[in-house]
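Report on the following structure.
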Amino acid sequence: MTRWLDPDEQRTWRAFLAASRALMTTLDRELQHDAGMPHAYYEILVRLSEVPGQTLRMSELAEATGSSRSRLSHAVARLEESGWVRREECPTDRRGQLAVLTEAGLAALSAAAPGHVQGVRQHLFDQLSPVQLTQLREISEALLHHLEPDRPTS
């Protein structure tokens, strides 16, 4: 038998969906306006900037960003056009490719980061009390643990 959502659960679900969408839409719009890149491209640059050699296998980068391989390949192609990322052949696997953050990509990320962090702070952290922030982290970690149990917590 289906356990339908009661009115409070329905209100919570809809508020969660609307708030998540609105936050990501706002952050994406701000990054587009201020840095000329969508949030998805920003995340690719961030992921590459955080690993040794600023290089990841395309398959690992797709997994890290929660993107399909084809969507990531398209995004990396656009980042290559901007000179922010380059692809290299993987020396240990002839079929594999590496995505490498370029100096220009690191500079673009460094220029975009302050505005993006300001947006995250303004639209998320500044809107919640310290107790709510702790609750949000705990809720998010609980959901991730359920949905992606193999994902390391950070």
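What follows draws every value from the coordinates through simple rules; no lab data is involved. The model shown is predicted, which means the values in this text are computed figures rather than measured ones. Methodologically, a virtual Cβ is constructed for each residue, glycine included, from the backbone with ideal geometry; neighbour enumeration extends over all protein chains shown.
Once you sort the root eigenvalues of the Cα gyration tensor of the stretch 1-58 as a ≥ b ≥ c, which label holds: rounded (a/c under 1.5), prolate (a/b larger than b/c) or oblate (the other case)? The shape class here is oblate. Placing +1 on each Lys and Arg Cβ and -1 on each Asp and Glu Cβ, with no other charges, gives the chain a dipole about its Cα centre of roughly 320 debye.
Can you tell me what percent of all Cα-Cα pairs in the chain are more than 22 Å apart? Cα-Cα pairs of the chain separated by over 22 Å account for 53 percent. Hydrodynamic estimate: the Kirkwood radius of the stretch 55-112 over Cα pairs, inserted into Stokes-Einstein at 10 °C and 1.306 mPa s, corresponds to D of 137 µm²/s. With an 8 Å cut-off on Cα pairs and a minimum separation of 6 or more residues, tell me the relative contact order of the stretch 50-154 in percent. Once normalised by length, the contact order is 20 percent.
Descending by average beta-carbon neighbour count within 10 Å, the peptides 69-80, 135-146 line up as 69-80, 135-146, the highest first.
Structural descriptor for the stretch 1-104: relative contact order 21 percent, calculated from alpha carbon pairs under 8 angstrom and at least 6 residues apart. In units of the rule-of-thumb radius 2.2 N^0.38 Å, the stretch 97-154 shows an alpha carbon radius of gyration of 1.57.
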